[in-house]
1. Within segment 54-72, count every residue that is at pLDDT below 80 and touching a helix residue (DSSP H, G or I) at 6+ places or on another chain (Cβ under 9 Å).
2. Provide a single number: the residues in segment 8-53 that are modelled with pLDDT of 75 or more, part of a loop (DSSP other than H, G, I, E, B) and under 27 Å from the mean Cα position of the chain (by Cα).
3. Here are the criteria: (1) surrounded by 11 or more Cβ atoms within 10 Å (Cβ to Cβ); (2) outside any helix (DSSP H, G or I). Tell me which single one residue 70 does not satisfy.
4. Within the set of pairs 6 or more residues apart or between chains, which connect a residue that is free of Cβ contacts under 8 Å to residues at least 40 places away in the same chain and at positive phi inside segment 41-66 to a residue that is exposed (fewer than 12 other Cβ atoms within 10 Å of the Cβ) and not in a loop (DSSP other than H, G, I, E, B) with Cβ atoms less than 6 Å apart?
């Protein structure tokens with residue numbers, strides 16, 4: 001489970017503050033934050049991509065293990081091509097849209 005730090009952000013200048021006990025060595029430095037919704041959306045996208053990759057890997061694994069029966073190489077090759085097209089479609093589904 002992801003833990004979040006609750007902080008206060010100024011709606012004018014964007015300053016972030018999270019009160020903590022100071023030990024006397026504080027310095028301001030630039031940090032980057034994203035909102036919780038954006039973070040959770042990115043986690044969900046990453047999980048979906050991992051699932052797509054796992055499905056594609058399973059299909060590609062069959063290709064590495066394939067051994068056609070004598071006289072059946074063409075039929076086996078055609079079937080493997082169809083499975084590889086499915087694997088490529090799975091991978092294409094996870095691509096970000098082209099920009100430009």
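1. So the count comes out to 7.
2. The number of residues fulfilling the criteria is 4.
3. With (1) surrounded by 11 or more Cβ atoms within 10 Å (Cβ to Cβ); (2) outside any helix (DSSP H, G or I) applied to residue 70, the lone miss is (1).
4. Pairs found: none.
The values are calculated or read from the model by the stated rules, or taken from the named source; none is laboratory data. Since the structure is predicted, the reported quantities are computational estimates derived from the model, not experimental observations. Glycine also receives a Cβ, built like all others from the backbone with ideal geometry; neighbour counts cover every protein chain displayed.
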